[in-house]
Amino acid sequence: REFIAEVGAFLSGSGMSRTRFGITVMNDPSFVFELGKGRRVSLHTVDRVRAYMNDYQQAQVNAA
């Protein structure tokens, strides 16, 4: 649940759609929707998604 909350907070803060996020990070437009429905993800996937969110946020900070 913590991971899903992190993704939700990122989407709210970035304004990125669930579909765009899924395509960009996982090449899967249903990724976020399926997370909400109970999709299981590996630790590798969690790390990959968190790295993307951190990199995105850092890029926003650097651009400001």
The chain, accessible surface, carbon-and-sulfur percent (1.4 angstrom probe)
50 percent
So with the 1.4 Å probe, I'd like the accessible area per residue for the chain, rounded to whole Å².
69 Å²
Against the globular-protein guess of 2.2 N^0.38 Å, express the Cα radius of gyration of the stretch 14-64 as a ratio, rounded to two decimals.
1.20
Between exposed trypsin sites (Lys or Arg not before Pro) in the chain, where DSSP calls loop and at most 12 other Cβ atoms lie within 10 Å, what's the longest gap?
2-36
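The values are calculated or read from the model by the stated rules, or taken from the named source; none is laboratory data. Note that the structure is a prediction, hence the values are computed from the model and not measured. Positions of Cβ are backbone-derived with ideal geometry, glycine not excepted, and every protein chain shown enters the neighbour counts. Heavy atoms of the whole protein, side chains included, go into the accessibility calculation; ligands, DNA and RNA do not. Shrake-Rupley method; radii C 1.70, N 1.55, O 1.52, S 1.80 Å.
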